[in-house]
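Just below is one structure, and these are the notes that go with it.
The values are calculated or read from the model by the stated rules, or taken from the named source; none is laboratory data. In this text the structure is predicted, and so the values were computed from the model without any measurement. Methodologically, a virtual Cβ is constructed for each residue, glycine included, from the backbone with ideal geometry; neighbour enumeration extends over all protein chains shown.
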Amino acid sequence: MQSYKDWCQPSAAPDKDPCNTLGLSSLCANGWDLLTSTGFFADVLRRHFASADQIRSQDLKERIWTPSEKTGILIEEVFHWRGDVVGKRPAVIIKRNEFRTQEFLLNNLMGIGANLASTEHNVFWTGSHTLFCIAGTSAETDILATEVLEYMLTFSPVFRQQLGMVKFIVAEVGAVGLLEESLEHYVVPITVGYSYQYNWGLEEVSLPLKNISLGITVDGVDLGNCEPKENCE
């Protein structure tokens, strides 16, 4: 298993991402968002299936991922998958699900600066991705799903820590069934859930007005600054 520092080296990533998703080099630069999150799952799964030494199942050791069209296993974002092109090769298709916010404090306010001109805010995002494990038979589909499940489950504590997540878990593994788009393929959905904090700050361009000084002058006497008081009567 590679460390997060290794992931953040551009040279460690595949030469080209055939899905046109963003890999971990972009994740390191831009943080976790709607697009880079899908790129993360594509990247780590491709790396896992890029070497037979990393594949646990003996039945899948010849299913090596390569960036060419002759790859032994397809690992794609859902809108780049075509059933007529897959043939009998197994595939892992990645689909992002809904993101939801969870607010704990009014206006997501975490703190106010000493000069009252800046504020700190925080919100929790909760989301998930579904990894559709697809193969030509129900048995091979279960074998592929087990490989993906064990990989994501085993390293979920590492992903959570290195990505700065609050939670990163395998939330659900669905039953095997026929793929609606292609009756020659079977599918097992694996849903991975996560949550993380999003922090931001706001700063006013000008400092807030603390008080207003008013002066009243009557017959040359400044009533707004009279001392002592009786001299102003």
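Values for this structure:
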| read-out | value |
| --- | --- |
| Failed condition for residue 124, given (1) surrounded by fewer than 19 Cβ atoms within 10 Å (Cβ to Cβ); (2) modelled with pLDDT of 80 or more; (3) over 21 Å from residue 197 (Cα atoms); (4) not acidic (Asp, Glu) | (3) |
| Condition broken by residue 86, with the remaining ones in (1) of a type in the set (A, V, I, L, M); (2) modelled with pLDDT under 85; (3) surrounded by fewer than 19 Cβ atoms within 10 Å (Cβ to Cβ) satisfied | (3) |
| Subset of the stretch 60-73 [surrounded by 14 or more Cβ atoms within 10 Å (Cβ to Cβ) and touching a residue at least 24 places away in the same chain (Cβ under 8 Å)] | 60, 63, 73 |
| Hey, residue 130 modelled with pLDDT of 80 or more and surrounded by fewer than 16 Cβ atoms within 10 Å (Cβ to Cβ) or not | no |
| Qualifying strands (runs of 3 or more DSSP E) (wholly inside the stretch 142-233; at least 3 residues being modelled with pLDDT under 90 and either touching a Leu at 6+ places or on another chain (Cβ under 6 Å) or surrounded by 10 or more Cβ atoms within 10 Å (Cβ to Cβ) (or both)) | 182-203 |
